[in-house]
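The values are calculated or read from the model by the stated rules, or taken from the named source; none is laboratory data. If you're wondering where the values come from, they're calculated on a predicted model, not measured in any experiment. Note that we place each Cβ from the backbone using ideal geometry, even for glycine, and neighbour counts take in every protein chain shown.
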Amino acid sequence: MAIYVLRKLAFFLGAVFVASLAIFLLIRAAGGNVAAIVLGKDATAEAINALAHTYGLDRPLPIQYFDWLLNMLHGDLGQSFRTKELVADLVTDRLSISIPLALAGLILGLIIAIPVGTIAARNIGRPSGAFLALVSQIGIAVPVFWAGILLSVLFGVRLGWLPTGGWIDWSESWVGAIRSLVLPVLSLGLIMAAVLIRYVRSAVLDVMNQDYVRTARAVGMTRTQALLNVGLRNAALPIVTIVGLQIAELIGGTVIIEMVFSLPGLSRMILANVAAREVIVVQSTVMLIIVFVIFVNFAVDLLYGILDPRIRNAA
Amino acid sequence: MTPPLSPGAPAIEVKDLVVTNGDVTAVRGVSFSIPAGGRMGLVGESGSGKSMTALALMGLLPMGWHTHGEVLHDGADLAKLSDKALSSRRGRTLSMVFQDPLSSLNPVRRVGDQISWVIRHHTGADRKTAEAQTLELLRSMNLPRPENLVRAYPHEISGGQRQRIMIAMALACYPQLIIADEPTTALDVTVQKQVLRLLNSAVAERNSALLMITHDLPIIAAMCDTVAVMYAGRIVEMGPVQEVFRHPRHHYTRGLLDSQPTMDNIALDGSSRLVSIPGMVPPLHDLPSGCAFNLRCPAATDKCRTDMPELGGETSLKSACWHPIARADEVAAQ
Amino acid sequence: MTIAATATIAPKRRRRLDLNASLVVGLVLTLGFLAVAVVSFVWLPSNPNIPVIKNRMLPPFLPDHWLGTDGLGRDIIAQLMVGARTSILVGAGGASIALFLGTITGLVAAAYGKLADETISRGADIMLSIPGMVTALVLAATMGSGALTTILALSAFFTPSFTRVIRAAAMSVLQEDFITSARLYGRGKLFILARHVIPNIGGVMIVQFTLYFAAGILTEAGLSYLGVGVTRPSISWGMMLNEAQQTVGISSPLAIWPGLAIVFVVLGLNLLGDGLRDVLDPKLKQRRA
């Protein structure tokens, strides 16, 4: 287990490093002359140079990169050019929306996908199995934002039960915040479920075809008992891995849903700051998201190592 | 523990077993009977249908495959039972040991737990009792340090130990019949003997019947009373082991015996050259008409190519051949 | 029935049916989609971009506008048809580039030694951890929106997945015996890759292309919805949904048609890809219950 953990840790650190480099280069290379854009068309050359100097934008790129990296490691995510707000503050506000949304969406997706995927696997070859497979196929073809729009039309416009958008902050009203999140979480969760059902079904089928499931039946388990006692426990391994792989998709879905329902989460902040050429803000925020995803994958790998005795008990 | 069989009732009686998936028929009409405590060997090459026969008896065929015919065991016809009814017998009156113990054991549970589950499920014992019985069971099988063994995961122990665990699981509830499908093929040669010896004594202790499936003839000679030889889904020869191996009547059996590389008790005709049966086993979806062996048989005639022979014979040895090999003393007697 | 008769039953043909349903339905939907896009170059019910205010928000099932008009009086069907072109251009474009790059990197990883394999595989893994939507947003917003940027974003997003799939497929082909004999004959690596490996992974390439074509259409719709994909005068179904959302309090049908179009096309391509995969890899059909 120790070697396994070290390997995964090394990968985690390496991935963060490489990703930070990629993001930095991407944003700087594609960004154009930042100071010029921030100041606008009528700025003089001196004003541009002065601004560039104040923010260290005229230093060589490698120095800017390492400076940024080291600052981030100390928790200093930089600040906005215009408003001087700390990126750290801007982000924390938004996180109180984006994280509950993403988390709840994932949990809802799993709550639906695991039983449905298992049933679909159990009923392969039968009409009910084919029906579930078809439902799942249609589900993955549905764009997440369309699901959001349809749900907001149905529950918001037609029935008027829930808000069609907008956000009531936690500090104002718990109930209001939750009401603002219901439709977004539902849209995200349903689409995540559709994606996950295929993988759960495939994982369960693979496990059910293993020899040890046959042995379980040979010693007296019915098909259902074998599925629940042996199959699911073993399918937990690939399912955990799949969840890790889907985190990137989850983030993508969260970003879109925030826009559909006008939630002031991270995605709106990123888009606004990109338009305003606030490179530091964008760099740091995107980096934060990427580190989060890579970290989740690392945590998933650890969890897998714990669940599988072949890895857990190894040297 | 299962109640003893009514005296005289066979452990299992198979009548006209057919196993098919609609396109291919792997078992084409097989009948045999194993008396209580009896031991039968089922011999054949890959593709002969012997494993499918075993899986059919247990009701563990892969999806899409169906059974026809009768399988009489423990007072019921297994072929007609639902999966639920069958599952109450599996592991209790009827059990099976599979070929590859590594893939056949649950990799995420300790081996001791896997055995105690069987005991708890069929006897209703509580966890502690079942665990104690598991230890007893392993001790009775002469497995060293069972207290440590039960806590191990399958990947942590050797192949031989894994197979012994599987045997323990199969025999825990004193079944009437245990089916062993190539139990030692996946093991090192040095370990094979130990495992077979264990199987032998454990089966004898419980007075269980044994169906030993293998392509390894000496194992059958050492462990079984009767043997059935399968070819292309049918039994072509069946009878007491000594009879079949000393005086086979079917040409396929003869060919099998002749092609054994080392045999001390069995090849009595003195030949020591390695011979093989010419040709190959025909694929099950493309069988020749008449006797399936006719393409490779030295004694094949036109009749063999058109008419399918049935098992027959006046002695305890039955063979399915139009031109069975004559015994030397038979010829003399005529 | 006697045993002899049972043994000679002719093999039934029923199993072939279910693996072709996916393929057939997928093919029909995909071809329909492609046909609509092709026809759009030759004929449109009316101009999809010129506002005709007096016709705004017409309901469907009218003679001139079968699916109605949008908030500026533009015909829905015309917009859908032109939107199909965008979906194909961007989806297929992104998938093609990703296929090309992914095949090269995948083959290199599979055939040029451990170091190349480790580097490429780790690199692909890292790129896969980066949420594509976020990078696409950043890319599109810094380089400007439009079809080209979206295609580039999609290529970057999809290439690592292609790399992994091609690498796996190539590695399994390279294990085969006929490769060993080719090597013993003295055939060079490039020759083996071109003559033996690629033809054998062709099926995998086609299936993956189809599936990523579908994914590309979905992603492009999302980006266009957010405003960072294609913009007028180009038309995208995602963009149509964005515009529709603004009128949703008044009339809902506008929000339905482009979404349905996306669902049908993506569904069709996914079914096609899965159907092709079943046909090309029959070993997967053996399933125990």
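Computed values, structure above
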{"quantity": "Test: residue in segment C:146-162 that is free of Cβ contacts under 8 Å to residues at least 12 places away in the same chain, in a loop (DSSP other than H, G, I, E, B) and either in contact with a Phe, Trp or Tyr (Cβ under 7 Å, 6 or more places away or on another chain) or over 16 Å from C:Met205 (Cα atoms) (or both)", "calculated": "no"}
{"quantity": "Unique residue being under 24 Å from the mean Cα position of the chain (by Cα) and basic (Lys, Arg) when the list is B:Arg151, B:Arg164", "calculated": "B:Arg164"}
{"quantity": "Single residue of A:Leu263, A:Leu271, A:Leu245 found to be more than 22 Å from C:Met143 (Cβ to Cβ) and modelled with pLDDT under 85", "calculated": "A:Leu245"}
{"quantity": "Yes/no for B:Leu94 being assigned by TED's automatic domain parsing to the domain that holds B:Ile178, surrounded by fewer than 23 Cβ atoms within 10 Å (Cβ to Cβ) and among the hydrophobic types (A, V, I, L, M, F, W, C)", "calculated": "no"}
{"quantity": "Residue in segment C:138-153 that is surrounded by the most Cβ atoms within 10 Å (Cβ to Cβ), counting only those that are touching a Gly at 6+ places or on another chain (Cβ under 9 Å) and closer than 17 Å to A:Ile251 by Cβ", "calculated": "C:Ala153"}
{"quantity": "Count of residues meeting criterion [assigned to a loop (DSSP other than H, G, I, E, B), facing chain A (nearest Cβ under 8 Å) and touching a residue at least 24 places away in the same chain (Cβ under 8 Å)] in segment C:229-258", "calculated": "0"}
{"quantity": "Residue match in segment B:64-85 (condition: touching a residue at least 40 places away in the same chain (Cβ under 8 Å), in the same structural domain as B:Asp188 (by TED's automatic domain parsing), closer than 26 Å to B:Asp188 by Cα and touching an Asp or Glu at 6+ places or on another chain (Cβ under 8 Å))", "calculated": "no"}
{"quantity": "Top-ranked residue in segment C:102-123 [being under 20 Å from the mean Cα position of the chain (by Cα) and crowded, with 18+ Cβ neighbours inside 10 Å; ranked as nearest to C:Tyr225 (Cα to Cα)]", "calculated": "C:Gly102"}
{"quantity": "Qualifying residue in segment C:229-237 (condition: within 13 Å of A:Pro143 (Cβ to Cβ) and modelled with pLDDT of 90 or more)", "calculated": "yes"}
{"quantity": "Failed item in (1) under 20 Å from B:Val244 (Cα atoms); (2) surrounded by 11 or more Cβ atoms within 10 Å (Cβ to Cβ), with B:Glu314 passing the rest", "calculated": "(2)"}
{"quantity": "Filter result (touching a strand residue (DSSP E or B) at 6+ places or on another chain (Cβ under 9 Å) and among the hydroxyl-bearing types (Ser, Thr, Tyr)) within segment B:160-208", "calculated": "B:Thr184, B:Thr185, B:Ser208"}
{"quantity": "Odd one out for A:Val157, checked against (1) of a type outside the set (Phe, Trp, Tyr); (2) surrounded by fewer than 17 Cβ atoms within 10 Å (Cβ to Cβ); (3) out of contact with any Ser or Thr (no Cβ under 7 Å at 6 or more places or on another chain)", "calculated": "(3)"}
{"quantity": "B:Thr53, sole failed condition from (1) away from chain C (no Cβ under 12 Å); (2) hydroxyl-bearing (Ser, Thr, Tyr); (3) surrounded by fewer than 24 Cβ atoms within 10 Å (Cβ to Cβ)", "calculated": "(3)"}
{"quantity": "Residue in segment C:21-35 that is surrounded by fewer than 20 Cβ atoms within 10 Å (Cβ to Cβ) and part of a loop (DSSP other than H, G, I, E, B) present", "calculated": "no"}
{"quantity": "Of all residues making up segment C:87-137, the number that are over 30 Å from A:Ala299 (Cβ atoms), aliphatic (A, V, I, L, M) and not in a helix (DSSP H, G or I)", "calculated": "0"}
{"quantity": "Residue count, segment A:200-225 (criterion: in contact (Cβ under 8 Å) with a residue 12 or more places away in the chain, crowded, with 20+ Cβ neighbours inside 10 Å and at the interface with chain B (Cβ under 9 Å from one of its Cβ atoms))", "calculated": "3"}
{"quantity": "Condition broken by A:Pro238, with the remaining ones in (1) touching a Phe, Trp or Tyr at 6+ places or on another chain (Cβ under 7 Å); (2) surrounded by fewer than 22 Cβ atoms within 10 Å (Cβ to Cβ) satisfied", "calculated": "(1)"}
{"quantity": "Residue list for segment C:57-71, restricted to those being on the phi < 0 side of the Ramachandran plot and surrounded by 15 or more Cβ atoms within 10 Å (Cβ to Cβ)", "calculated": "C:Leu58, C:Pro60, C:His65, C:Leu67, C:Thr69, C:Asp70, C:Gly71"}
{"quantity": "Residue satisfying all of: in segment C:99-126; hydroxyl-bearing (Ser, Thr, Tyr) and within 17 Å of C:Ser161 (Cβ to Cβ); farthest from the other protein chains (Cβ to nearest Cβ) among these", "calculated": "C:Thr103"}
{"quantity": "Qualifying residue in segment B:247-259 (condition: at pLDDT below 90 and surrounded by fewer than 18 Cβ atoms within 10 Å (Cβ to Cβ))", "calculated": "yes"}
{"quantity": "Residue in segment C:219-233 that is surrounded by 24 or more Cβ atoms within 10 Å (Cβ to Cβ), out of contact with any Ser or Thr (no Cβ under 6 Å at 6 or more places or on another chain) and among the aromatic types (Phe, Trp, Tyr) present", "calculated": "yes"}
{"quantity": "Selected residue (criterion: farthest from the other protein chains (Cβ to nearest Cβ)) from residues of segment A:269-286 that are hydrophobic (A, V, I, L, M, F, W, C) and buried (at least 22 other Cβ atoms within 10 Å of the Cβ)", "calculated": "A:Ile280"}
{"quantity": "Residue in segment A:53-76 that is in contact with a strand residue (DSSP E or B) (Cβ under 9 Å, 6 or more places away or on another chain), more than 14 Å from chain C (Cβ to nearest Cβ), surrounded by 14 or more Cβ atoms within 10 Å (Cβ to Cβ) and modelled with pLDDT of 75 or more present", "calculated": "yes"}
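Results for (1) under 18 Å from B:Ile115 (Cα atoms); (2) of a type outside the set (D, E, K, R), shown as yes or no for each residue.
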| residue | (1), (2) |
| --- | --- |
| B:Ala172 | yes, yes |
| B:Thr184 | no, yes |
| B:Val189 | no, yes |
| B:Lys193 | no, no |
| B:Leu198 | yes, yes |
| B:Ser208 | no, yes |
| B:Thr214 | no, yes |
